[in-house]
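Engineer: Below: one structure in structure tokens.
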Amino acid sequence: MKILNVEIHERDLNKQLSPYLEGHFFHTTTFENWLMIKSCGYITGKNVNGSLCPQRISYGSRRGYICIFDWKNNSKETIEEQSIKLNPFDPFGHSCDPVFVIFKNDIESNIIPNNVAVLETEYRERFVPHIECWHSKDIQLNMVETVLITELYREKGTNSFFP
């Protein structure tokens, strides 16, 4: 598992982070939660501290699933369009610097694809169409290829990540 520390200005997020994320499945968390993940050796959907939906209001969090973004099986256009709904580069809304946990391709066989949520809920529950998927079991760190720990430099009043 590679761990990379990336200092980056918010206006360069897409340009600098996309090459790492494109073609992969990844999980986004806080630095504090990453330290807990690293300490226990796995990612779980049962402990939602530092997750995107701590109130258990989304499709995946209601079921105890781990939220994962699928940038492997979607086009660049779909990723950009859906990322407006939940910006994967700054999912916590400027409250902290995100950590991106990028998985090895082996994880794909255990992914719950987005269309399962569509069929189950007919969009009556919250999830990001097309690019959000889930994992129902704990994910051991041996399934992690790279961890990007970011330190973002932000400008007040901006939130445009796709030029």
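No lab work stands behind these numbers, since they all come straight from the coordinates. Treat the numbers as computed from the prediction; the structure is a model and nothing was measured. When we count neighbours, we look across all protein chains shown, and the Cβ atoms used for this are built from the backbone with ideal geometry, even at glycine.
Engineer: Ranked highest first by average number of other Cβ atoms within 10 Å, how do 32-38, 113-119 line up?
Structural biologist: In descending order of packing, they fall as 32-38, 113-119.
Engineer: Using bins 5 angstrom wide from zero, how does P(r) for the stretch 2-153 break down, in % of all Cα pairs?
Structural biologist: Reading the bins upward from 0: 2, 9, 20, 24, 23, 14, 5, 1, 0.
Engineer: A follow-up question, please. Name the trypsin sites (Lys or Arg not before Pro) in the stretch 100-148 that are in a loop by DSSP and that have at most 10 other C-beta atoms within 10 Å, would you?
Structural biologist: Values: sites: LYS104, ARG124, ARG126, LYS137; in loops: LYS104, ARG124, LYS137.
Taking the stretch 100-148 and a limit of 10 other Cβ atoms within 10 Å, the loop trypsin sites (Lys or Arg not before Pro) found are ARG124.
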